[in-house]
Structure formats: C-alpha cells, structure tokens
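Let me begin by presenting the structure, written as structure tokens, before commenting on it.
The values are calculated or read from the model by the stated rules, or taken from the named source; none is laboratory data. Worth saying up front: this structure is predicted, and the values here are computed from it rather than measured. Here the Cβ positions follow ideal geometry from the backbone for every residue, glycine too, while neighbour counts run over all protein chains shown. Ligands, DNA and RNA are stripped out before the accessible areas are found, and what is left, the full protein with its side chains, is counted by its heavy atoms. Shrake-Rupley method; radii C 1.70, N 1.55, O 1.52, S 1.80 Å.
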Amino acid sequence: MTNEPLTIEAPQAVLDALNRVFMDRYHSTAEYILEASPYIGPEDQRALQRIQAVAAFDRAESVRLTALIESLGAVPHAGPYSRRLAELNYLAIDYLRRYLADQLLEQVADYTALLPSVQKCTEARDAIASLIANLQEFAHTLSV
C-alpha cells in the first residue's frame, strides 16, 4: 500500500474556476495594500486592522485552495499580478479600504458566475460558495 494521497481527475472547467479564485487569493489585493506604504493616520487603525484581516484570510484561503487543486490532480497557477495594483502605492488607507471593498464585491460577482461550472464537483462548489460568503462579509465590514 502507498502513502500517497488519493487524487481524482477533475474537468478542466473546474480547475479553471479554482485557479481563477486561487489567483485572486494568492495575489491578494489586501496584502498588496499593506505593502504599498499607505498613509495611515491615528484614526485609521480600525481600517488597517480590517485590511489585515482580509490579507490573513487570503493567505489561508490560498493554502486551502492549493490543497484542493492538488487533490484534484492539478497544479495551481497564480499567473501575473494585475497591473492596477501598482496604482495603489502611497495612497490613504481610507481610500484603499473602500477600493478593497469594491474589489471584493467584483470578485463575488465573478465567483458567482463560476458556480455553474463547478456544480458537479462538490468540493470546488463548496469552497467557492464559502469564499463568496466570506468576501461579502469582508466587503460589508470594509464599507462601514
């Protein structure tokens, strides 16, 4: 008997959907914001903590999605960073907080559109549905 994990082959549409979601978590906008030298005033600590929470979530989801993609017999592909991230350097954290909330809502819409392509793969469907719920909650928290 072998100690290698059991893997199954997934349809390409499922892998494409998971890689799309993985890329956004791996190239976390929240993480980039934290590294982009934003202006953070004393009154901005709450916004900073909320962005830090999203970045930590993105790191954890990236690891979880990697394991899921590998369990389906594939290798995760991160692709290049989005060019628009370079425009986020040295901006006020309050602006970046709202920008991140908008980005998360765009991702929710994108991921919701992916759900039909993963309907037959329970693990992928559940992972993306869970991610959608979490991103909606983060977007709301960042907006208030």
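Looking across segment 85-102, the residues that are farther than 21 Å from Phe138 by Cα and assigned to a helix (DSSP H, G or I) come down to Ala86, Glu87. Answer with yes or no whether Ala74 is assigned to a loop (DSSP other than H, G, I, E, B), at pLDDT below 95 and open to solvent by less than 30 Å² (accessible area, probe 1.4 Å). No. Give me the pairs, please: first residue somewhere in segment 46-57 and within 12 Å of Ser143 (Cα to Cα), second residue anywhere and open to solvent by 30 Å² or more (accessible area, probe 1.4 Å) and among the hydrophobic types (A, V, I, L, M, F, W, C), beta-carbon distance under 9 Å, and either six or more positions apart or on two chains. Listed by first residue and then by second, the contacts come to Ala47/Ile40; Arg50/Phe138; Ile51/Leu34.
Among the conditions (1) at pLDDT 95 or above; (2) within 15 Å of the chain's Cα centre (by Cα); (3) farther than 25 Å from Val118 by Cα, the only one that Val54 does not satisfy is (3). Any residue at all in segment 38-54 that is under 23 Å from Asp16 (Cβ atoms) and part of a helix (DSSP H, G or I)? No; the residues of segment 38-54 include none that is under 23 Å from Asp16 (Cβ atoms) and part of a helix (DSSP H, G or I).
Just one of the listed residues (Leu68, Leu88) is closer than 26 Å to Pro38 by Cβ and surrounded by 14 or more Cβ atoms within 10 Å (Cβ to Cβ), namely Leu88. Within segment 30-45, the residues that satisfy the criterion of being crowded, with 17+ Cβ neighbours inside 10 Å and within 16 Å of Thr141 (Cα to Cα) are Ala30, Asp44.
Reported count of residues in segment 110-136, each being free of Cβ contacts under 8 Å to residues at least 40 places away in the same chain and either assigned to a helix (DSSP H, G or I) or among the small types (Gly, Ala, Ser) (or both), is 13.
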